[in-house]
1. Give the number of residues within the stretch 36-70 that are on the phi < 0 side of the Ramachandran plot and in a loop (DSSP other than H, G, I, E, B).
2. Here is a check on your reading of the model: is residue 14 surrounded by 15 or more Cβ atoms within 10 Å (Cβ to Cβ), under 17 Å from the mean Cα position of the chain (by Cα) and in a helix (DSSP H, G or I)?
3. Of the residues 101, 91, which is exposed (fewer than 12 other Cβ atoms within 10 Å of the Cβ) and either in a helix (DSSP H, G or I) or in contact with a strand residue (DSSP E or B) (Cβ under 8 Å, 6 or more places away or on another chain) (or both)?
4. Give the residues of the stretch 71-80 that are modelled with pLDDT of 90 or more and part of a helix (DSSP H, G or I), sorted by residue number.
5. Condition test on residue 2, is it at pLDDT below 90, surrounded by fewer than 14 Cβ atoms within 10 Å (Cβ to Cβ), out of contact with any strand residue (DSSP E or B) (no Cβ under 6 Å at 6 or more places or on another chain) and not in a helix (DSSP H, G or I)?
6. Looking at the stretch 17-47, which of its residues are surrounded by fewer than 16 Cβ atoms within 10 Å (Cβ to Cβ), over 16 Å from the mean Cα position of the chain (by Cα) and touching a residue at least 40 places away in the same chain (Cβ under 8 Å)?
7. Quick check: is even one residue across the stretch 22-34 under 30 Å from residue 101 (Cβ atoms), assigned to a loop (DSSP other than H, G, I, E, B) and at pLDDT 90 or above?
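The values are calculated or read from the model by the stated rules, or taken from the named source; none is laboratory data. Keep in mind that this is a model prediction, so the values were computed, not measured. Glycine gets a Cβ as well: all are built from the backbone with ideal geometry, and neighbour counts include every protein chain shown.
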């Protein structure tokens with residue numbers, strides 16, 4: 001079950017994407033697609049910012065299935081990690097807003 005903070009984040013994303021007035025099922029589908037796309041894009045950016053040795057270390061750490069360990073690893077290895085993630089979130093929001101607008 002989502003936490004209140006997750007629900008608030010979902011609400012913020014739906015408002016940002018301009019999909020609040022869509023039927024709930026459609027909003028949920030868009031939100032899932034947005035989240036999947038965002039995670040993939042952030043993952044690609046972060047992985048690309050790692051050195052070859054760090055990429056190998058990441059491959060070992062990801063098998064632990066511990067997001068906290070991975071987050072700590074990225075913050076230690078990528079000096080501008082938070083900024084990189086925030087830029088990608090903004091880019092993904094912009095791209096999805098355009099897509100939603102084009103479909104309307």
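1. Number of matching residues: 5.
2. Against the criterion (surrounded by 15 or more Cβ atoms within 10 Å (Cβ to Cβ), under 17 Å from the mean Cα position of the chain (by Cα) and in a helix (DSSP H, G or I)), residue 14 qualifies.
3. Within the list 101, 91, the selection yields 101.
4. 72, 73, 74, 75, 76, 77
5. Against the criterion (at pLDDT below 90, surrounded by fewer than 14 Cβ atoms within 10 Å (Cβ to Cβ), out of contact with any strand residue (DSSP E or B) (no Cβ under 6 Å at 6 or more places or on another chain) and not in a helix (DSSP H, G or I)), residue 2 qualifies.
6. 18
7. yes
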